[in-house]
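Here, each number is a calculation from the coordinates, and none is a lab measurement. Source: prediction; values computed, not measured. Neighbour counts run over all protein chains shown; Cβ positions are idealised from the backbone, glycine included.
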Amino acid sequence: MSSIDHITVTAPTLAVGAAFVFKALGVAPQPGGEHPRMGTHNLLLRLGDALFLEVIAPNPEAPSPGRPRWFALDDLATDAQPALRTWVASTGNIRAAAAASTEDLGLVEPMSRGQRNWLITIPADGSIALDGIAPALIEWDGHPHPASGLADHGLSLSRLEISHPNPQRVSTLLTSLALSDVIECRHGDRPQLVAHINTPQGMKELSI
């Protein structure tokens, strides 16, 4: 079984990404940390006991990672608009889940942020699988989930809406990952994610 671990907003800078999230949800994400192997850093916002929103951007203070950055961050122009670009699903056996997936989610690689360590799938070219509709897979190292240590602003993910020109392909992928919780798959002219998030001020949406 897999479950939604976090949803990811990509942005050219953390400041731009934070402003995008604040405008949509009325809450500012808090500092996360740096990813030395990828030359990136992030901000985090709790959406549940084991679920969070991530804003991720290239880290201008970090040296070049000598490889493509994840989440297609190298393709972002300096004036690119932030967007809910992809999502990550947690699993207790990442290699088995990746093997069962009907889509190529990339290689399983070790990653770290501060004291946190995990395994995650990353396409070798840094792209986002299936235009961001397919999740990356993650297996945490066994410590308490990072969301549990974040400030609780009363936000929670109601559902993740996935639009794609071939929704059956997406449904088949979700089934192969045993993943269906709070996910709605529908036909759309282009791949798109919309997160419907409960807030103290009512339901809000986060997308492109």
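Place a label point 7 angstrom from the Cα of residue 143 along the Cα-to-Cβ direction, then list the residues of region 29-57 whose backbone nitrogen is under 13 Å away. Under 13 Å, as judged by backbone N against the label point of residue 143, lie 33-34 of region 29-57. Working note: Debye formula, equal point scatterers on the alpha-carbon atoms of the chain, no solvent; log10 I(q)/I(0) at q = 0.13, 0.16, 0.18 Å⁻¹ is -0.67, -1.07, -1.42. Annotation: amide H-H contacts under 5 Å for residue 57 (H modelled 1.01 Å from N, sequence separation of 5 or more, or interchain): 41. Assuming charge only on the beta carbon of Lys and Arg (+1) and of Asp and Glu (-1), the dipole of the chain about its Cα centre is about 140 debye to the nearest 20.
Here's how it looks for residue 185: its modeled amide H is under 5 Å from those of 162, which are all 5 or more places away or on a different chain. Here 203, 111, 1 are placed in order of increasing Cβ neighbour count within 10 Å, fewest first, which gives 203, 1, 111.
Out of every Cα-Cα pair in region 126-181, what percent are more than 15 Å apart?
64
Expressed as a rounded percentage, what relative contact order does region 39-107 have, with Cα pairs under 8 Å and six or more residues apart? Computed value for region 39-107: 21 percent relative contact order.
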